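Participant: Below is the structure I would like to discuss, written out as structure tokens.
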Amino acid sequence: MEIAALIDQFEAWANPHWQEKWDNCGWQIQPGVLDQPAHVLVCLTPTLAVMAEAIASQQAGRPVNLIFAHHPLIFTPLKSVQQGEPIAEMIRLALCHQIGLYSAHTNFDQVRDGTADVLSQLLNLQGAEPVVSTQEGLGYGRVGDLAPTLTLQQLLSMIQSILNPPQLLISPGVDQGQLIQRMAVLGGSGAAYIEAVSQRGAQAYLTSDCKFHQFQESRDRHLILIDAGHYATERPACKRLVEQFQAWGVASASLSQQDEDFRNFWKPEGTTASPIKM
């Protein structure tokens, strides 16, 4: 499968026209690789570390000619491209090594088997449907029922086991023995959907990037907020993309091993991570 055919097939599934107005999905750098067989490196965030990984793979005889990222490299219009700037260096390396860079962001968030849908599948949510619908069958987040019903402690343990975040932040004053049946999920920054999640009857909400007063808002809405971090909640969808591309018949597809969380939680020696009440 050529890169052009791969992108056509992907866009038939997750149309870039569905992206939010502030977003920048689609080609970030296209150095003339459309007619080449697709050798794809999938990542959450396109960084110089991921680019170095792609180049090293080329040099080791494992071709990579497309970095397929969830987060865009370019969000705002570039006013200049200067030596020493990270974006400029990404562009230089992409052109020199013939490595394209494509982003699927808010369009991929909405679709079946996208960021939210993969989370709902991992937690085995029954009857999952969008928290906020954007069009028929599509939308942001997923809300459904746990099967079987779990205590909050069991739910937190399951999330920790599946996503392996460095920390779980949870709402204050919660009884970890209470039963949770209905919950919502949204990979990445989902605090803007707290009200919508509450209106859908969810008892718990798994997302990330929540601030102090958003935990307060959730408590006031009787909603248990669980923040597992941006990386942990979206990385599973990147792994699913690799599987999808392989099923479509690309020449090769692999998951980046240089994706970064960008957050390190310091722990005293000999301690282990545990849920933190905020």
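Just so you know, all these numbers are worked out from the coordinates, no wet-lab data involved. Please read these numbers as outputs of a predicted model, since none were measured by experiment. Positions of Cβ are backbone-derived with ideal geometry, glycine not excepted, and every protein chain shown enters the neighbour counts.
Participant: Could you derive backbone 3J(HN,Hα) for the stretch 245-253 from the dihedral phi with the Karplus parameters 6.51, -1.76 and 1.60 (θ = phi - 60°), listing whole Hz in sequence and x where the residue is Gly or Pro?
Facilitator: 5, 5, 5, 6, x, 5, 4, 7, 8
Participant: With axes computed from alpha carbons, what is the tilt in degrees of helix 86-97 against the longest principal axis of the chain, rounded to the nearest 10 within 0 to 90?
Facilitator: Taking the Cα atoms of the chain, the angle to 86-97 is about 50 degrees.
Participant: For n ≥ 4 DSSP H runs only, could you compute -39500 (n - 2.57) per run for the chain, divide by its residues and tell me the 222 nm figure to the nearest 500?
Facilitator: The helix contribution divided over the chain gives -10000 deg cm²/dmol.
Participant: Right, another one. Provide the net charge surrounding T134, with neighbours chosen by a C-beta distance below 11 Å and charges set as Lys +1, Arg +1, Asp -1, Glu -1.
Facilitator: Numbers: positive: none; negative: E20, D109, E136.
Around T134, the charge tally is -3.
Participant: Among Q153, Q121, P165, whose Cα projects farthest towards the positive end of the dipole of the stretch 111-232, with charges put on the beta-carbon of Lys, Arg (+1) and Asp, Glu (-1)?
Facilitator: Most positive-ward Cα: Q153.
Participant: Grab the Cα-Cα distance for M1 and Q30, subtract it from 0.36 nm times how many residues apart they are, and report the gain in nm with one decimal.
Facilitator: Numbers: separation 29, 0.36 × 29 = 10.44 nm, distance 1.71 nm.
So the extension gain works out to 8.7 nm.
Participant: Please list, in order along the stretch 176-189, the HN-Hα scalar couplings obtained from phi with the Karplus expression 6.51 cos²θ - 1.76 cosθ + 1.60 (θ = phi - 60°), rounded to whole Hz, x for Gly and Pro.
Facilitator: So the Karplus estimates, Gly and Pro as x, are 6, x, 5, 8, 10, 10, 10, 9, 10, 9, 7, x, x, 6 Hz.
Participant: At a 10 Å Cβ-Cβ cut-off, how would you order I74, I91, fewest neighbours first?
Facilitator: Numbers: I74 15, I91 19.
The order, fewest Cβ neighbours first, is I74, I91.
Participant: Let me check against my output: what whole-number percent is the relative contact order of the chain, with C-alpha pairs under 8 Å and at least 6 apart? Each step should come with its number before you reach the end.
Facilitator: Details: 556 pairs, mean separation 58.2, N = 278.
The normalised contact order for the chain reaches 21 percent.
Participant: Percent relative contact order of the stretch 3-108, based on C-alpha pairs within less than 8 angstrom and at least six residues apart? Could you put the intermediate results ahead of the total?
Facilitator: On the way: 173 pairs, mean separation 43.5, N = 106.
Relative CO of the stretch 3-108 lands at 41 percent.
Participant: Under the rule a/c < 1.5 gives rounded, and otherwise a/b versus b/c splits prolate from oblate, where does the stretch 111-232 land using the Cα gyration tensor? Walk me through the numbers before you get to the answer.
Facilitator: Working: a/c = 1.34, a/b = 1.21, b/c = 1.10.
In terms of gyration-tensor shape, rounded.
Participant: Enumerate the amide H contacts of G190 below 5 Å, restricted to partners 5 or more residues apart or on another chain; note that Pro and chain-start residues carry no placed amide H.
Facilitator: Amide H neighbours of G190: S208.
Participant: About the Cα centre of the stretch 3-108, what is the dipole size in debye to 20, counting +1 per Lys and Arg Cβ and -1 per Asp and Glu Cβ, all else neutral?
Facilitator: On the way: 4 positive and 8 negative charges, 32 e Å.
Dipole about the Cα centre, nearest 20: 160 debye.
Participant: Full-extension gain between T151 and Q121, please, as 0.36 nm times their residue separation minus the C-alpha to C-alpha distance. Walk me through the intermediate numbers first.
Facilitator: Numbers: separation 30, 0.36 × 30 = 10.80 nm, distance 1.89 nm.
Difference between extended and current length: 8.9 nm.
Participant: Between Q216 and Q135, what is the spin-label point distance in nm, taking each point 7 Å from the Cα along the Cα→C-beta axis?
Facilitator: Using points 7 Å along Cα→Cβ, the separation is 4.0 nm.
Participant: Test of understanding: in a Gaussian network model of the chain with alpha carbons linked when under 10 Å, which of V132, V42, V81 would top the mean-square fluctuation ranking?
Facilitator: V81
Participant: At a Förster radius of 25 Å, what calculated FRET efficiency corresponds to the Cβ-Cβ distance of I162 and Q258, to the nearest 0.05? Show your work: numbers first, answer last.
Facilitator: Details: r = 22 Å, r/R0 = 0.89.
For R0 = 25 Å, the calculated efficiency reads 0.65.
Participant: A further question follows. Where both partners of a DSSP beta bridge lie in the stretch 111-232, what percent of those bridges are antiparallel, to the nearest 5? Write down the numbers at each step before the final one.
Facilitator: Details: 13 of 21 bridges.
Of those bridges, close to 60 percent are antiparallel.
Participant: Which cross-chain or sequence-distant (5 or more) residues have an amide H under 5 Å from the amide H of R182, H modelled 1.01 Å from N in plane?
Facilitator: Here the answer is L146, Q203, since their amide H atoms fall under 5 Å of that of R182.
Participant: Here's a follow-up. In the stretch 45-196, with Lys and Arg counted as +1 and Asp and Glu as -1 at Cβ, which of these residues, S189, G141, Q176, has the Cα nearest the positive end of the dipole, that is, farthest along it?
Facilitator: Farthest along the dipole direction, towards plus: S189.
Participant: Determine, for I67, I180, the number of other Cβ atoms within 10 Å of each Cβ, and report the residues in order from fewest to most. Write out the running numbers ahead of the final one.
Facilitator: Working: I67 26, I180 19.
Ranking I67, I180 by Cβ neighbours within 10 Å, fewest first, gives I180, I67.
Participant: Continuing with this model, one more query. Karplus couplings for the stretch 169-174 from phi (6.51 cos²θ - 1.76 cosθ + 1.60, θ = phi - 60°), rounded to Hz, Gly and Pro as x?
Facilitator: 9, 10, 4, x, x, 9
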